[in-house]
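Just so it is clear, none of the values below were taken in a lab; they were calculated from the coordinates. Not measured: the values here are computed from a predicted model. Here Cβ is always computed from backbone atoms with ideal geometry, including for glycine, and neighbour counts include all displayed protein chains.
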Amino acid sequence: MYDISYKNKMLELKHIKFERDNKKILDDINLKIDTGKFIAITGQNGSGKSTLAKIIMGIEKPDSGEIFFEGKDITNKSIDERARMGIGFAFQQPVKFKGITVLDLIRLSANKDMNKKEACEVLSTVGLCAKEYIDREVNDSLSGGELKRIEIALLAVRNSKLCIFDEPEAGIDLWSFQNLIDIFKNIQEKTKGTTLIISHQERILKIADEIILMKNGKIFSEGKPNDVLNEMNIGRKCCAMNKGFKENCNND
Amino acid sequence: MNNIEENLLETISGSDIRTGAYNIRENGKGVERKITDNVNIVSKEDGTGINIYVKENTKFEIVHIPVIITQSGLKDVVYNDFYIGKNANVIIIAGCGIHNDEHNDTQHDGIHRFFLEEGAKVKYYEKHYGEGSGDGKRILNPVTEVELKEGASLEMESIQIKGVDSTIRETRGKVYKNANLVVTEKILTAGNQTATSIFDVELNDKGASAKVTSRSVATEQSKQEFKSKVVGNSECFGHVECDAIIKDNARVISTPEIVANNVDANLIHEAAIGKIAGDQLIKLMTLGLTEKEAEEKIIEGFLK
């Protein structure tokens with residue numbers, strides 16, 4: 001049943017815990033994200049960012065806790081049910097297939113029988129010369145950067161209410177960063193939904209409405225970009241000062 | 001032809017079968033034939049099959065050689081020989097469909113031999129299909145023998161998607177100077193079906209090349225075996241790739257053999273057998289497909 005108190009609330013996580021091999025990957029995460037926001041999640045490697053994103057998509061199941069999407073409890077919903085409800089996910093490492101083409105995936109993601117011209121337009125938005133790529137198989141013949149751009153295009157065409165990008169900047173070195181940022185803005189304008197980005201890139205963090213900083217499976221800090229980035233920079237400086245004294249510096 | 005026969009014919013050959021030269025064999029006998037100025041089809045004197053002659057320099061003609069069997073219990077054997085003249089360029093569409101509604105096993109063994117003269121090019125499509133409500137087996141054993149003279153090329157695509165209980169498929173090739181053989185095989189087995197594919201290719205002259213690709217899906221209790229042997233007798237290139245998806249309690253065996261009898265022979269064999277990758281399923285599920293739909297899409301793409 002829809003809870004009126006969830007108006008304008010896209011996502012809420014309550015007491016999410018996830019443990020593997022006796023290690024707490026996520027330790028009692030509580031989070032509320034409003035509709036129409038651009039949220040960046042950052043933190044050092046192993047802080048739990050990607051696991052958190054996968055738990056929201058349903059790719060990983062939390063050991064305990066609850067997840068609400070637009071006020072509905074989706075904790076026990078499968079990946080495809082969440083996708084159909086309006087959650088989209090772009091993988092850090094794009095998946096390869098045999099025999100499935102770029103066009104096939106664009107059509108599946110758009111959930112309609114797009115013609116080639118329409119599909120080519122989607123591909124052009126990520127800087128790929130569409131005609132060269134549209135009929136190619138999504139396999140090893142494509143470079144990591146090309147696969148990554150296709151992955152981003154698949155989420156861009158999906159019109160999801162909640163778009164989750166797991167480190168979208170990785171592997172796009174030959175492509176302009178500004179284009180990537182433009183895509184995020186376009187998606188948000190089009191869907192009026194929420195974008196959730198896992199990123200280490202300061203240029204992406206700076207354009208977020210809010211940054212969530214994770215550390216050791218917990219939300220260490222959350223707030224406006226300047227505040228959180230300042231906090232991170234202070235952390236970095238402390239770390240540099242402590243180098244040589246403290247072996248396990250975790251504030252980078 | 002009744003509806004069952006027409007449907008069988010369309011399934012294996014498409015709807016435009018009667019546009020070019022063709023020979024339809026039904027229940028062990030030739031029933032319809034058409035020849036053209038460039039393609040002649042002649043029955044063998046001993047009645048065991050047909051010879052197909054394509055004149056040299058023939059361009060872009062399509063030849064259909066389908067076989068359909070609806071008579072349960074029939075064991076049909078046919079020998080078809082294709083003689084392709086110099087620099088001809090043709091498409092040949094063959095295949096066999098069996099409809100078996102009864103208890104007796106029905107079998108078709110089609111032995112096709114291709115002799116390509118210098119510079120000839122052939123695209124050869126072969127589709128095997130079975131249907132019917134009977135518990136009699138539908139058995140198909142195709143044999144393809146190819147001899148490619150200098151500069152000739154043959155691209156063969158063989159598909160067995162549904163309804164064949166047992167098959168032993170043999171493809172043999174002798175490839176000479178600068179000639180090229182490309183074989184792509186796609187097989188899906190289910191239930192208690194069995195499929196054995198045997199490839200035996202000799203690369204006998206400088207510049208000879210062959211690429212054999214097998215993509216198969218084995219489900220339920222079915223069994224598949226893939227045996228390939230490529231022999232490089234000169235400066236040549238050979239590549240065999242066997243990819244199989246295995247599901248349920250199926251079994252797949254891949255036995256590669258590459259033999260280099262010349263220091264300049266460049267031969268590669270790749271084989272991979274495994275279940276559908278979990279990350280592929282997850283990716284398609286993030287696009288809104290159920291697990292079952294995702295699995296079907298992956299298999300459809302794999303065998304496309």
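Enumerate the amide H contacts of residue B:82 below 5 Å, restricted to partners 5 or more residues apart or on another chain; note that Pro and chain-start residues carry no placed amide H.
Placed amide hydrogens put B:52, B:113, B:114, B:115 under 5 Å from residue B:82.
Normalised by the residues of chain A, what does the relative contact order come to in percent, with Cα pairs under 8 Å and at least six apart? Before the final figure, lay out each step's value.
Numbers: 463 pairs, mean separation 62.3, N = 252.
So the answer I get is 25 percent.
Compare B:30, B:232, B:151 in a GNM of chain B, Cα atoms joined below 10 Å, and give the one with the largest fluctuation.
Top of the fluctuation ranking is B:30.
In deg cm²/dmol and to the nearest 500, what is the mean residue ellipticity at 222 nm of the protein assembly as shown if only DSSP H runs of at least 4 residues count, each as -39500 (n - 2.57), divided by the residue total?
It comes out at -6500 deg cm²/dmol, rounded to the nearest 500.
Towards the positive end of the charge dipole of the protein assembly as shown, with charges on Cβ (+1 Lys, Arg; -1 Asp, Glu), say which of A:127, A:199, A:92 has the farthest Cα.
A:199
May I ask you to evaluate 6.51 cos²θ - 1.76 cosθ + 1.60, the Karplus curve with θ = phi - 60°, for each residue of segment A:116-122 and list the ³J(HN,Hα) values in order in whole Hz, giving x for glycine and proline?
Rounded to whole hertz, the list is 4, 5, 5, 5, 4, 4, 4.
Using the charge dipole of chain B (Lys, Arg: +1 at Cβ; Asp, Glu: -1 at Cβ; taken about the Cα centre), state which of B:288, B:20, B:249 has its Cα farthest towards the positive end.
Toward the positive end, the furthest listed residue is B:20.
Given Cα pairs under 8 Å that are at least 6 residues apart, what percent is the relative contact order of segment B:3-277?
Averaging sequence separation for qualifying contacts and normalising by length gives 11 percent for segment B:3-277.
Please list, in order along segment A:221-232, the HN-Hα scalar couplings obtained from phi with the Karplus expression 6.51 cos²θ - 1.76 cosθ + 1.60 (θ = phi - 60°), rounded to whole Hz, x for Gly and Pro.
Each residue of segment A:221-232 in turn: 7, 8, x, 5, x, 4, 5, 5, 5, 4, 4, 5 Hz.
Under unit Cβ charges (Lys, Arg +1; Asp, Glu -1), what dipole magnitude, rounded to 20 debye, does chain B have relative to its Cα centre?
Numbers: 36 positive and 48 negative charges, 72 e Å.
So the magnitude is around 340 debye.
Provide the FRET efficiency to the nearest 0.05 for the residue A:72-residue B:51 pair, computing r from the beta carbons and using R0 = 60 Å.
Working: r = 70 Å, r/R0 = 1.17.
Once rounded, the FRET efficiency stands at 0.30.
Residues with amide H under 5 Å of residue B:216's amide H, sequence separation 5 or more or different chain, H placed in the peptide plane at 1.01 Å from N; which?
For residue B:216, the qualifying residues are B:187, B:243, B:244, B:245.
Please list, in chain and number order, the residues 5+ apart from residue B:93 or on another chain whose amide H is under 5 Å from its amide H, with Hs placed from the backbone.
Amide H neighbours of residue B:93: B:63, B:64, B:65, B:125.
Taking the Cα centre of segment B:117-218 as origin, work out the dipole magnitude from +1 charges on Lys and Arg Cβ and -1 charges on Asp and Glu Cβ, in debye rounded to 20. Walk me through the intermediate numbers first.
On the way: 15 positive and 16 negative charges, 55 e Å.
My answer is approximately 260 debye.
How big is the charge dipole of the protein assembly as shown about its Cα centre, in debye rounded to the nearest 20, if each Lys and Arg gets +1 on its Cβ and each Asp and Glu gets -1 on its Cβ? List each step's numbers first, then the result.
Working: 76 positive and 86 negative charges, 347 e Å.
The dipole magnitude comes to about 1660 debye.
Report the label-to-label distance for residue B:198 and residue B:101 in nanometres (one decimal), using points 7 Å from each Cα along the Cα→Cβ vector.
Between residue B:198 and residue B:101, the simple spin-label model gives 3.6 nm.
Of B:124, B:272, B:41, which is farthest towards the positive pole of segment B:3-277's charge dipole, taken about the Cα centre with +1 and -1 on the beta-carbons of Lys, Arg and Asp, Glu respectively?
B:272
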